[in-house]
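Take a look at the structure below.
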Amino acid sequence: MQGAFVVFEGGDGVGKSTQAALLAEWLTDRGREVIRTFEPGDGPVNAQIREILLSRSTENLAPRAEALLFAADKAQHVHAIVRPALERGAVVVCDRYVDSTLAYQGAGRVLDMAEVERINWWGTDDLRPDLTVLLDLAPEAGLAGIASHDRMESAGEDFHARVRAGFLALAERDPARYLVLPAREPVTALSERIRARVAELLEGEHHHEVGRRGLLSALFDADRDPEPGEEVSDAPARLSP
Ligand code: TYD
């Protein structure tokens, strides 16, 4: 059985965990081995990194240090959990992955997208999701449902608006690998749409090793000259500092 890597992305409080759990249950019922996991923090080393990243007692963490710690969490997570599961033929259902760091540290903290991307694909040894489900919601609506805000959730309205725009821009650039859904839809309607798309994925051939490195670097590198015949939009430039 071929493994598959399905990632849930979106802002805080959009309902990723609920949908990931429903998908995992459905896949298990269909006889698949499913590994439900998340970033940041799954695993002993990762839990320590998560504590540094999210604790409100962490003061004055430099944006580049923050980006490197999130990338370290991903490197360890892929090495210890995700890749071994995919190699056994499991379906890995993961809350957040590289798009989160592109949206939060790249668009949110306004670090150079291509640089953030590079350290993350290096850290993960280029492991790409087969499908990313992006649950889109206005940040004020998502954050309103969270009782006590961690360090990232406390980053402010403008930050979270940039994060949302960052996620949507990533999905727009590579639509074949994304399912973008309005997170306000009822839970059951969303889960049905997600199941249908994942069923399609599992029936077809999928290659989680096939890279987008060139595509994303090109998109977010505003200074790069286009290749002959390449279509270039101005959206990536808006995401660059
Ligand atoms: P998450 O565990 O989804 O939040 P919670 O358990 O509180 O619902 O993610 C923690 C926070 O970390 C969230 O605000 C998003 C942020 N984050 C990044 O900034 N970069 C990343 O690469 C990842 C994975 C998460």
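The string of couplings for region 102-109 from the Karplus curve (6.51, -1.76, 1.60, θ = phi - 60°) is 5, 6, 7, 7, x, 5, x, 7 Hz, one whole number per residue in order, with x for Gly and Pro.
Between T58 and any residue 5 or more places off or on another chain, the built amide H atoms are never under 5 Å apart. Charge tally for H160 (other residues, Cβ to Cβ under 10 Å; Lys, Arg +1; Asp, Glu -1): -3.
Restricting region 49-139 to GluC sites (Glu not before Pro) that sit in a DSSP loop and have at most 15 other Cβ atoms within 10 Å of their own Cβ leaves E59. Give me the tail of P(r) for the chain as a percent: Cα-Cα pairs with distance above 28 Å. Cα-Cα pairs of the chain separated by over 28 Å account for 28 percent.
When H77, H206 are arranged by Cβ crowding within 10 Å, least crowded first, meaning fewest neighbours, the order is H206, H77.
May I ask for the longest run of the chain untouched by trypsin sites (Lys or Arg not before Pro) that are loop-located per DSSP and have at most 14 neighbouring C-beta atoms (other than their own) within 10 Å?
89-183
Net charge of the neighbourhood of R56, taken over other residues with C-beta under 12 Å away and scored Lys/Arg +1, Asp/Glu -1, is -3. Annotation: amide H of L179 within the under-5 Å range of T132, V133, L134, sequence separation 5 or more or interchain, hydrogens built in the peptide plane.
To the nearest Å, what is the center-to-center distance of region 1-51 and region 58-108, using C-alpha atoms only? For region 1-51 versus region 58-108, the Cα centre distance is 12 Å.
One chain, two ends: H79 and L61. Fully extended at 0.36 nm per residue, the span grows by 3.9 nm beyond their Cα-Cα distance. Between R151 and E185, the C-beta separation translates, for a Förster distance of 41 Å, into a calculated FRET efficiency of about 0.90. Under a 5 Å amide H cut-off, with hydrogens placed 1.01 Å from N, T37 pairs with V93, C94, D95 among residues at least 5 apart or on other chains.
Readers should treat all values here as calculations from the given coordinates under stated rules, not as data from a laboratory. What you are looking at is a predicted structure, and each value in this text was computed from that prediction instead of being measured. A quick note on method: Cβ atoms are made from the backbone with ideal geometry, for glycine too, and the neighbour counts reach across all protein chains shown.
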